[in-house]
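The values are calculated or read from the model by the stated rules, or taken from the named source; none is laboratory data. Keep in mind that what you see is a predicted model, and the values were worked out from it rather than measured. All Cβ positions, glycine included, derive from the backbone under ideal geometry; neighbour counts span all protein chains shown.
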Ligand SMILES: [Zn+2]
Ligand SMILES: [Zn+2]
């Protein structure tokens, strides 16, 4: 008697690999749950406790800030605490913003 063919195993649920994914993870600052967020997002709203967690900027990236004196758009490396304007030599502080929430208008 022939051995009955075993059914094909159900394929595992596809998941995005850790590398090359468009999503990243961080720990909620409120409830410490692991949150998934799309790469590029600057903040994540927790679905559990509704706390908004700021996404840490990736390394080796530059950010922009307007000169505090002449409003010139300056580029600086993430992590820098201040940027010196090449136009007016004014030093603009770009330290990590405190927990105060700012709402962008426009
Ligand atoms: Zn949470
Ligand atoms: Zn300037």
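Give 100, 43 a once-over and let me know the one that is modelled with pLDDT under 95 and more than 16 Å from residue 27 (Cα to Cα). Break it down stepwise before answering.
Working: 43 fails: more than 16 Å from residue 27 (Cα to Cα).
Answer to the check: 100.
Checking the structure you have, find out if any residue of the range 17-36 is at pLDDT below 70, over 23 Å from residue 95 (Cβ atoms) and over 17 Å from the mean Cα position of the chain (by Cα).
Taking the range 17-36 first, the residues at pLDDT below 70 are 17-21.
From the residues that got through so far, the ones that are over 23 Å from residue 95 (Cβ atoms) too are 17-21.
Those still in the list that are over 17 Å from the mean Cα position of the chain (by Cα) too: 17.
Yes: the range 17-36 contains one or more residues that are at pLDDT below 70, over 23 Å from residue 95 (Cβ atoms) and over 17 Å from the mean Cα position of the chain (by Cα).
Contact annotation: residue pairs with Cβ atoms under 7 Å, 6 or more positions apart or on different chains, pairing a residue in the range 26-40 that is farther than 12 Å from residue 55 by Cα with a partner that is more than 10 Å from ligand 1 (Cβ to nearest atom) and part of a strand (DSSP E or B), are 34/25.
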